[in-house]
Amino acid sequence: MDELLAHHAENIPITPDEAVEAAAEFAALPRRRGAFLRLLRRPGPAVAFGYLVVIALAAIFAPVIAPYDPNQIDVPSRFAPPSWDHLLGADDLGRDLFSRLLYGARVSLTVSVAVIVIATVVALVVGLVAGYSGGAVDNVIMRVADGGLSFPPLVLALAVAGILGPGVVNVIAALSIVFVFGLTRLVRGTALVVREEPFVEASRAAGSRTRRILVHRVFPNIRSPLIIAATFGIAGVLLAEAGLSYLGLGPRPPAASWGNMLRNAYDRGLYKASWQLFVPGLAIAFTIYAFNVLGDGLRDVLGVGRSRRAKRRERRGMTTVERVRTPPAAPTSDDALLRIEDLSVEFVSERGASRVVEGVSLAIRPGETVGLVGESGSGKTVTSLSVMRLVPSPPGRIVSGAIRFEGRNLLDLDFEAMREVRGTGISMVFQDPMTSLDPSFTIGSQLAEAQRLHRKVSRSAARARSIELLDLVGIPAPETRLRQYPHQLSGGLRQRVVIAMALANEPRLLIADEPTTALDVTVQAQILDLLKRLQRELGMAILFVTHDLGVIADLCDRVAVMYAGQIVEEAAVEELFAHPRHPYTAGLLGAMPQVGGAGERLTVIPGQVPMAHAMPGGCRFADRCAFVTDACRSGRIDLVATGAAAVRCVRAGELTLQGAR
Amino acid sequence: MRLVVRRLVAVVPTLLIVTFGVFLMVKLVPGDPAVNAAGGLSATPEAIAQARVDLHLDDSFFSQYGRWLGNAVQGDLGESYQSRTSVVDDLAKRVPVTLSLIVAATLFAVLLAVPLGVLSGLRPNGGVDQGSRVFSSLAIAVPNFLLALILVLVFAVRLGWLPPSGYTKFGDSPAEWLKFIVLPAIALGVAVSAALMRQLRAALVDELDTNHIRTAWAIGGSRRRVVGIHGLKNASSPAITILGLQVAALVGGAVLVEQIFAIPGLGTYMLGAITQADLPVIQGCVLVLALVQIVLSLAVDITYALINPKVRVAT
């Protein structure tokens, strides 16, 4: 108890009075009406809003518009079909249905608005007191709300209305009780979150008065979720009100409500004039639908939660190829394991296509380790995903080139043929080990799956091989690990598991896309050592994708440097580090921290990578380059090969750049 | 197992609040319960005084609650004012009827939502997705009682395929039961199905964009395996949550649907009691319906925990 009190004392308790006053002050603040206009610019919500305005006006002016007294009995018109006399026909007593519908709208809308206003105000006060005071007050209030939410809403409303007796006021009372619990929880939850936020903490520390914090900090954050909940809430009240009136708990007869009109049509007219069901029925359904559409629109416009708009139609698990130019002819003899030629990849969005990889060519020989280096956004990951045909389509699509693996062009394969290559010929290890494994399956079942996808193996053989694989990647106590789920493993261990899965079928090429970036420094080194050892023991080729040149020096035979979707330089590792020929490579080397290089200043490349949809015409690095001349900006600059190296720079011959220090 | 026990313990305070609420509800009724118990307005003052003593109306509020709760736990919820029969006995006859309706509606909802939700999630904006989006907007806007009326009109009155109302116990004749339960189950289940379908679709769309699904493709997973096993298993967790939230709507909706189809369950019992101001019966019905909701939600929670290893297996 002392503990509870101590906790409570830390919070600033607020009284209901303060909450109400603050709410009034907040409501009086001027604010932009932008959200509402944006809402009405959308066709769905605009139509829904228009419909609701019409219904509201019809309800308000019902006495003026209604052609008949809604309760006037006229036996000769009994079950009259719609006509000019009775726009929507007449019921079993000859009462005009159009007039009754108008008066019924008054009941439905009065109840809905009254209930939501009452429930929202009460919820705002109680929820704020709970969320903002915290401690014991919060505990009691939330327990009661939980209890209230344990009653099925309609049952609670029925019981309260049933005990109080029929009548509009009693229905309002019953439904207010039902709806207040959920809204209270919403307000309290939001207040609690806001209270913990740094800016509120800061204002409290700065001695801001409770009321100021409420008005300027807490309410602005609660407003949007509350408006949305209230809009959906009105639809819920409308539904419940119709249900209660249907059961005879609404306004006392003969007064009309949509619910009791429905009941009357069913009880009296089901066999004689069943169309009558649809008069109140459609009114109820349309109005509920309109409030729901409005709520959805508000949620999108106010940006609470995620937009629920659908993504485009997708072709799962395979990048589409739509070539704009013919692929290069296959070389007659090829010593390369993988040869990427003239690969271009586009991402299609509403603003058009942007080319994120442009004419990339790269070869890897069996057993060779090649580094692919570049900043984020350089296209290195897209290039490596393209090899696996794993760039999501849409938005991605391969628009030119060939990717030959052991002589076969992977871009010509269908899903089944590509599936056979994945995991057996080429495997891939991804950047984020925390999310790369399926959380719902054990390590053992995922390792077994990797094997069974490609060959028939018995359960016990798969298990034995899984243990062997975990052993190979240096995971101690493999038998225990097999039974565990990914969330029970650390990031480093998970990455080892991912590597083990990739190695399950002894691929000839392993693509490692920033496999250490998400890990701690010490773990990074362990994973790199592991890859080096595996490469040595298994003799597979590795394509190592990274932004870190330091890693490359340690691991690779050859490096290709990418910038803004293009390869700008390619060379053997020692050559590139000692004598970079492209200013961008030199810049990267200058930005690389050196162990023991104390006193040397790190240099930074100024500027940013150009956006994919606004590429400069000439050299893409020109704007950031210290050696830029006019020639750099005039026309296309090609990758020029000299021996085993290549560079994309018009001044490559004349510049002498500083290598790694 | 420990998890189940933990959840059960957490329900206790909720139960206390719910029972207190039910007790309070009746206490707040205007009018003197002693008059009602003694036989209404024609009761003699002596009978009323006797009823006061019998009902312990002069005891303190909390001791009345304590006595009522103690009796309730021992299976005594009093007698109906009208029929003078034990409320608990009447409830016991009606609970299976309502439960069978809720189960049938849930089955219908799941059987409809799972295939449509999965197909929509696989091909967002494809034909099935467009169709099921229209269906679910309609299903959410049309109240279940209106749908029930339309179903009766079309399938019972016009086509004459199914009876418009009535009920047979499942134990007596499963075939007959099915005939009577189809329309009520559809009326009650459609909205649940719509919510479930949309949730399943959204979860699957999100799920298929995750890194571990990319891993599943990368090791050479077939479409059936990646989508059907990895995608669906992970997408089912949020869908089950939604099912849990829909329980309340199912229990409440059952009251209306029972009334329309004249199914002798808790709903009709309660509505009858409301028209006759039969307080002990109303009290009993509200209590049992709340219990049904609590137990069903609990069942959903536990199912959720069982399929979700993060909850089941502690780190």
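The values are calculated or read from the model by the stated rules, or taken from the named source; none is laboratory data. Given the structure is predicted, the values throughout are model-derived calculations rather than measurements. Using ideal geometry, Cβ is built from the backbone for each residue, glycine included, and neighbour counts are taken over all protein chains shown.
With respect to (1) more than 12 Å from every other protein chain (Cβ to nearest Cβ); (2) surrounded by fewer than 18 Cβ atoms within 10 Å (Cβ to Cβ); (3) assigned to a helix (DSSP H, G or I), the lone exception for A:Phe286 is condition (1).
Out of A:Ile542, A:Ile499, I need the residue that is of a type in the set (A, V, I, L, M, F, W, C) and over 30 Å from A:Arg648 (Cα atoms). Which one?
Working: A:Ile542 fails: over 30 Å from A:Arg648 (Cα atoms).
When all the criteria are applied, what remains is A:Ile499.
Selection over region A:127-145 of residues that are surrounded by 17 or more Cβ atoms within 10 Å (Cβ to Cβ), facing chain B (nearest Cβ under 8 Å) and within 33 Å of the chain's Cα centre (by Cα) gives a count of 0. Note on region A:441-464: residues that are facing another protein chain (nearest Cβ under 9 Å) and without any contact (Cβ under 8 Å) to a residue 12 or more places away in the chain total 1.
Against the condition at the interface with another protein chain (Cβ under 10 Å from one of its Cβ atoms), part of a loop (DSSP other than H, G, I, E, B) and surrounded by fewer than 24 Cβ atoms within 10 Å (Cβ to Cβ), how does A:Tyr266 come out, does it pass?
Values: at the interface with another protein chain (Cβ under 10 Å from one of its Cβ atoms): yes; part of a loop (DSSP other than H, G, I, E, B): no; surrounded by fewer than 24 Cβ atoms within 10 Å (Cβ to Cβ): yes.
The answer is no for A:Tyr266.
Of the residues making up region B:206-231, those that are surrounded by fewer than 20 Cβ atoms within 10 Å (Cβ to Cβ) and out of contact with any Ser or Thr (no Cβ under 8 Å at 6 or more places or on another chain) are B:Asp206, B:Asp209, B:Ser222, B:Arg223, B:Arg224, B:Arg225, B:Gly228, B:Ile229. Just to check your reading of the model, which residue among A:Val160, A:Val126 is of a type outside the set (Ser, Thr, Tyr) and under 30 Å from B:Val281 (Cβ atoms)? Criteria check complete, one pass: A:Val160.
A:Phe278 meets the conditions (1) over 37 Å from the mean Cα position of the chain (by Cα); (2) part of a helix (DSSP H, G or I); (3) over 20 Å from A:Ala48 (Cα atoms) in every case but one. The failed one is (3). Here the condition is being touching a Phe, Trp or Tyr at 6+ places or on another chain (Cβ under 7 Å), surrounded by 18 or more Cβ atoms within 10 Å (Cβ to Cβ) and not aromatic (Phe, Trp, Tyr); of A:Ser440, A:Ser466, A:Ser436, it holds for A:Ser436 alone. Based on this model, can you work out whether B:Gly121 counts as surrounded by fewer than 18 Cβ atoms within 10 Å (Cβ to Cβ), farther than 21 Å from B:Val251 by Cα and modelled with pLDDT under 85? Spelling it out, it is not the case that B:Gly121 is surrounded by fewer than 18 Cβ atoms within 10 Å (Cβ to Cβ), farther than 21 Å from B:Val251 by Cα and modelled with pLDDT under 85.
Tell me whether region A:621-628 contains one or more residues that are touching a His at 6+ places or on another chain (Cβ under 9 Å), modelled with pLDDT of 80 or more, closer than 26 Å to A:Ser361 by Cα and hydrophobic (A, V, I, L, M, F, W, C). Steps first, please.
Of region A:621-628, the ones touching a His at 6+ places or on another chain (Cβ under 9 Å) are A:621.
With the extra rule that they be modelled with pLDDT of 80 or more, the set shrinks to A:621.
Within this subset, residues satisfying the condition of being closer than 26 Å to A:Ser361 by Cα are A:621.
From what is left, the residues that are hydrophobic (A, V, I, L, M, F, W, C) are A:621.
For region A:621-628, residues touching a His at 6+ places or on another chain (Cβ under 9 Å), modelled with pLDDT of 80 or more, closer than 26 Å to A:Ser361 by Cα and hydrophobic (A, V, I, L, M, F, W, C): present.
Figure legend. Inter-residue proximity from region B:94-116: first residues modelled with pLDDT under 95, second residues outside any helix (DSSP H, G or I) and not aliphatic (A, V, I, L, M), beta-carbon distance below 7 Å, spacing 6+ or different chains. Indicated pairs: B:Arg94/B:Pro264; B:Arg94/B:Gly265; B:Val97/B:Tyr167; B:Val97/B:Pro264; B:Val97/B:Gly265; B:Thr98/B:Gly265; B:Ser100/B:Phe170; B:Leu101/B:Gly265.
For region B:1-28, enumerate the residues that are within 8 Å of another protein chain (Cβ to nearest Cβ) and hydroxyl-bearing (Ser, Thr, Tyr). Once the filter is applied, which keeps residues that are within 8 Å of another protein chain (Cβ to nearest Cβ) and hydroxyl-bearing (Ser, Thr, Tyr), region B:1-28 yields only B:Thr14. Among the residues of region B:237-265, the ones that are assigned to a helix (DSSP H, G or I) and more than 9 Å from chain A (Cβ to nearest Cβ) come to 12 in all. For residues in region A:471-495 being away from chain B (no Cβ under 13 Å) and closer than 20 Å to B:Gly220 by Cβ, which is surrounded by the fewest Cβ atoms within 10 Å (Cβ to Cβ)? Among them, the one singled out is A:Leu472. Checking the structure you have, find out if any residue of region B:76-89 is in contact (Cβ under 8 Å) with a residue 24 or more places away in the chain, assigned to a helix (DSSP H, G or I) and in contact with a Gly (Cβ under 8 Å, 6 or more places away or on another chain). Yes, that holds for at least one residue. The residues on offer are B:Ala216, B:Ala277, B:Ala273, and the sole one that is facing chain A (nearest Cβ under 10 Å), over 30 Å from A:Phe430 (Cα atoms) and assigned to a helix (DSSP H, G or I) is B:Ala273.
Residues are listed down the side, and each one gets a yes or a no for (1) within 31 Å of the chain's Cα centre (by Cα); (2) modelled with pLDDT under 90:
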| position | (1), (2) |
| --- | --- |
| A:Ile443 | yes, no |
| A:Leu472 | no, yes |
| A:Pro478 | no, yes |
| A:Gln495 | yes, yes |
| A:Val521 | yes, yes |
| A:Ala525 | no, yes |
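If B:Ala277 satisfies every condition in (1) on the phi < 0 side of the Ramachandran plot; (2) modelled with pLDDT under 85 but one, which is the exception? The one condition B:Ala277 does not meet is (1).
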